Every structure is written in structure tokens, then in C-alpha cells.
Amino acid sequence: MGKSAITIADHVRAHAAATPDAIALIFEGRETSYAALDRQASRVANALIAGGHVPGGRVAYLGKNRDDYFGFWLGAAKAGLVTVPVNWRLAAPEVAYILADARPCLILVEPEFLDRVAGQGATILLTDPCGDYPLLADWRDAQADTDPRRDAGYDAAVLMLYTSGTTGQPKGAMLSNRSLLGLRASEPDLPDWYRWSAADVSLIAMPIFHISGSGWGLWTLQHGAKGVVVREFDPARVLDLLVTFRISKIMLVPTALRILCDHPAAAATDFSFLRTICYGGSAIPLDLLRQAIAVIGCGFAQMYGMTETAGTIIGLPPQDHDPDGSERMRGIGLPLPGVRVRISDEAGNTLPPGAIGEILVASQANMIGYFDRPDATAEAIDADGWLRTGDAGWMDADGYLYLADRIKDMIITGGENVYPAEVENALYSHPAVADVAVIGVPDAKWGEAVKAIVVPQEGETPDPDALIAWARERIAAYKAPKTVDFRSDLPRNPSGKILRRLLRDEYR
């Protein structure tokens, strides 16, 4: 097997053989060596095979960040199955939709979310004791640790992450070994801020149902580094772990970075061991960069990507982060080695530098496609492998990329993507709502906040708090509007489409 075809499980196998006692993961006082992680993965794989689960099948995980998720994922990969981590923040109907769409043969779930997986027709495993359900550890450790080596092919899916779209219906983006690892096959060509070594200690703080969580954890394990897993982001806990384990790399969204810098203990914390903070989800405000440089003092790198590109494909390096401000800080940076980018007009023609169009990308990192959605896949990726990002932008003469707008009207609040359509669908079902438009408005804490603009049914005067509560019962709390305004009508174009841009301009 050539270097370019090494799978995610192969990396852990190699580290288990070369440095068996090196610590792979630390979680709430529990340490797992690379040899132990590799054995755990083999046992998981053998348990799946013994259960009759066939290659290409899906296994799901519903829970917060934990170390044994990675052993579970690697074990599924060793058995040729696809892991589907599900967003625990979603409302029950949203979780039910994803599980019905993914059709997992087995679901690993934390006890607090057990009610979300009832009636799915899949084998249920629990991470911790609750009732009579079997435990992951018992199910796993009843098997031999002989490696079955039934890995999926380099171009076969090993991870499926659900991403919402303009229709409000989530789609499973299938990521292969190539998607997750292909760009890293030529490590010497990568920029310094993007490189890893076995000496690195990373903080896995982003949720594992995002590529920023699972991908960050994978990069840690790929390079034989040490990963400290955080169940969920808490600034005091993160500061403590940073110092205790001398974390060298961390990935955050700007909202979390601001919360960290604002914490009273941050000013007295020694951050000299921290080399790079990578951030994504949105650009970093200049005042936050200045604050972070003053408080933390390490390098900062912006990472641009999406679920469909297996994470980062474009980055703004530390040397372009100027506390005095610069034109480049308004952008998202340069394509990584192996990533091709072009700006396209509506007819598919490539536009010259400075012209605004849709950002298209082609690379090994692109997803295989959307699960069971060939039409949506064909719409997203053309026959030549160019993926439509849905972002409008432009490129300067030096190859730096800049975002001009989000074509799909997506809202980014606290690093989470929210599509107006899914919020509008939830509010439309309220009997007092005749029409509704949802937009993102500037917010000092979250970057953007979700706002609903509602046209009430004739004779109705709905209560804003009641509408927000109605939405929270049907969609995740972070998607629900923070505020609701009312008006008699909404601006629409001649074909009836809501002109959200006009509404955004009003509030900005």
C-alpha cells in the first residue's frame, strides 16, 4: 500500500507499532495509549463483524465529546463501516429525521440522549450504565483484539456528517479516507501553521459532530500527537487544561475565543507553550484579534472550509494577522497545496481577479457526495470535480480569496450554521403566522443572531416569546430566533422569493 493510500486506521496501526506507549487521548483523567487505542478499535471491528454488520453500513453516535468515540470510529473503519456522529444539540424531530435517513444498523448513545433513539430499529449501545441496555465497553471487550483489516477502500466513505441546506432538510455528506487525508499526503509542502508533529498536544474542544471536531481529532491521531478531549467548551476548564497539558494547538470559533479571552483567569495564564490557535466559522473581528494577541500572544490562523470539503481548504496564515488591520485580514487566505480554486459566473465561466462570483473548489478533500441523493450531489459537484461552495467571493492578483456574500443566505451564529429555511419552516407551522423571513443580524457575542420577521395572520397578535418557544420545540435551540419583529408584508421579487438581502440591509 503506497503512502497516498494510507487509511485513517493505518495511521493508528503505525503509531501503535512504533510508539505503543505514547498517549493518544486524555479524557477526564483517563489516558489511552496508541497501542490501547488500536486494540480498542480492533475489538470494535470484531464486534461489528460478529454482529453481522456488513461493509458500507452505517453506525451512529449521539453524544458529546469523549475519548471512546474515536476508538468506536476507528473500529467501524476497520470493519469497513461508516460512522455518523449526530448533533446532540438538535431537537428530537431533527435527530429522528437524520437517523431515519442514515438508517444506522447500530447506535452508540450517551444515556442523557437515550430518549432520542427509541424506535429506530437499530442495535443500541450505551456509553455509560442506564437501564438494561448493553454497554460499549462490555460489547467491545468481549471480542478478541486481533485486527480484522477489513478497512474500506481509500475512496470509500468512513465518515458521514449531516449538513443542512436551503430546503431545510439535512443531507449526509460522505467523506472518504481520501477526503480526510489526501491533502496531508505531501506534508513538507504544507504551510508551517498547518503542520503537525508527534510532539504536539492538541485540545479537541470543538464538537465531534462537526468536521472541526472529528477532523481535528483525526489530525491529532494521524500524526501520533496527544489529544486532550473536552466534553464541551467551558472557558475555565479549557484554561486549566491548556496549562496542565501544555497544549500547543487548539481550534476554536471566534465566539469561543472571545469568551476565553474575557475569562478573569485568562490575563494571569501563561500561554507560552501555545503555538497556534486556528479558528473558523467566521472572520476574526479586529478588536478580538488585538485582545487575543495581548492576552495569549501566539500565532493565529483562519481556516475556511465546509463539511463537503472535509474541513479546511483555504487558510489565512499567522503572518497576515495584523493587529493594525490590513486588506488581507478581510479575506479567508490562500488555498492549501493541492486545492484548486476558481471564481465562476452563473454560466460556469471563470472570472478574472477582482470579479465577484461563486467560489468553486476542486481537491482530494471533496466529499464523495450526499448519501442517497444523486441529484443533490450532481448539483453540488460537476463532472470535472468542481464543488460549488455556495459562497460568493473574489480573488486578488496574489491568489488571496475574499468572501463577498453567502449565496445561500446561511447564518453563522456562534460558529454554528443556520439556514433560514429550516427556521422559517418551524415558524410557518404556528397558526398565527401568515408569512415569515429569517435573517442574521450583527451580534457582539455570537457574531450573528437569528432574527425572525413575521407577518401575522389577520386578526392575530402573536407573542414573540411564544413564537420563539414554538420554534425551540421543533428545531435546535441555537437555530431558534433570538428576537421576533412584526410587519404587514415582506419584500419579494417578481417570482415571489423573499429578498432577505433588503431585510439584512435594514438591520445593519
* Could you identify the single residue in Lys451, Lys445 that is part of a loop (DSSP other than H, G, I, E, B) and of a type in the set (Lys, Arg)? => Lys445
* To do: Answer yes if at least one residue in the stretch 462-483 is closer than 30 Å to Pro285 by Cβ, of a type outside the set (Lys, Arg), assigned to a strand (DSSP E or B) and not assigned by TED's automatic domain parsing to the domain that holds Ala92, and no otherwise.
  => yes
* Residues of the stretch 214-237 satisfying the condition of being modelled with pLDDT under 95 and among the aliphatic types (A, V, I, L, M) -> Ala236
* Extreme residue, nearest to Arg43 (Cα to Cα), among residues of the stretch 4-26 that are outside any loop (DSSP other than H, G, I, E, B) and among the β-branched types (Val, Ile, Thr) -> Val12
* For the stretch 339-357, does any single residue satisfy the condition of being under 24 Å from the mean Cα position of the chain (by Cα) and modelled with pLDDT under 95? -> no
* **Those residues of the stretch 85-116 which are of a type in the set (D, E, K, R), more than 18 Å from Tyr133 (Cα to Cα) and not in a helix (DSSP H, G or I), in sequence order** => Arg89, Arg103
* Structure fact -> Restricting the stretch 224-242 to residues that are in contact (Cβ under 8 Å) with a residue 40 or more places away in the chain and in contact with a strand residue (DSSP E or B) (Cβ under 9 Å, 6 or more places away or on another chain), the one farthest from Ser272 (Cα to Cα) turns out to be Arg231
* Residues in the stretch 257-268: is at least one assigned to a helix (DSSP H, G or I), in contact with a Pro (Cβ under 8 Å, 6 or more places away or on another chain), buried (at least 23 other Cβ atoms within 10 Å of the Cβ) and aliphatic (A, V, I, L, M)? -> yes
* Asked: So which of Pro148, Pro104 is crowded, with 20+ Cβ neighbours inside 10 Å, under 20 Å from Gly52 (Cα atoms) and not assigned by TED's automatic domain parsing to the domain that holds Ala378?
  -> Pro104
* Asked: Name the residues in the stretch 452-474 that are within 26 Å of the chain's Cα centre (by Cα) and either among the aromatic types (Phe, Trp, Tyr) or buried (at least 22 other Cβ atoms within 10 Å of the Cβ) (or both), would you?
  -> Ala452, Ala471
* Asked: Can you name every residue in the stretch 308-330 that is closer than 27 Å to Leu175 by Cβ and surrounded by fewer than 22 Cβ atoms within 10 Å (Cβ to Cβ)?
  -> Pro317
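Okay, residues lined up against (1) touching a Ser or Thr at 6+ places or on another chain (Cβ under 6 Å); (2) farther than 24 Å from Ile284 by Cβ; (3) touching a residue at least 12 places away in the same chain (Cβ under 8 Å); (4) assigned to a loop (DSSP other than H, G, I, E, B):
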{"position": "Gln319", "(1), (2), (3), (4)": "no, no, no, no"}
{"position": "Gly325", "(1), (2), (3), (4)": "no, no, yes, yes"}
{"position": "Leu334", "(1), (2), (3), (4)": "no, no, yes, no"}
{"position": "Arg342", "(1), (2), (3), (4)": "yes, yes, yes, no"}
{"position": "Ala347", "(1), (2), (3), (4)": "no, yes, no, yes"}
{"position": "Ala376", "(1), (2), (3), (4)": "no, yes, yes, no"}
{"position": "Gly390", "(1), (2), (3), (4)": "no, no, yes, no"}
{"position": "Gly393", "(1), (2), (3), (4)": "no, no, yes, no"}
{"position": "Tyr402", "(1), (2), (3), (4)": "no, no, yes, no"}
* Of all residues in the stretch 27-84, how many are in a helix (DSSP H, G or I), touching a helix residue (DSSP H, G or I) at 6+ places or on another chain (Cβ under 7 Å) and charged (D, E, K, R)? -> 4
* What single numbered condition from (1) of a type outside the set (Ser, Thr, Tyr); (2) over 30 Å from Arg103 (Cβ atoms); (3) surrounded by 22 or more Cβ atoms within 10 Å (Cβ to Cβ); (4) in contact (Cβ under 8 Å) with a residue 40 or more places away in the chain fails to hold for Leu25? -> (2)
* Just to be sure, is Asp132 more than 27 Å from Arg472 (Cβ to Cβ) and assigned to a helix (DSSP H, G or I)? -> no
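The values are calculated or read from the model by the stated rules, or taken from the named source; none is laboratory data. This structure is a prediction, so every number in the text was calculated from the model and none was measured. We place every Cβ from the backbone using ideal geometry, glycine too, and count neighbours over all the protein chains shown.
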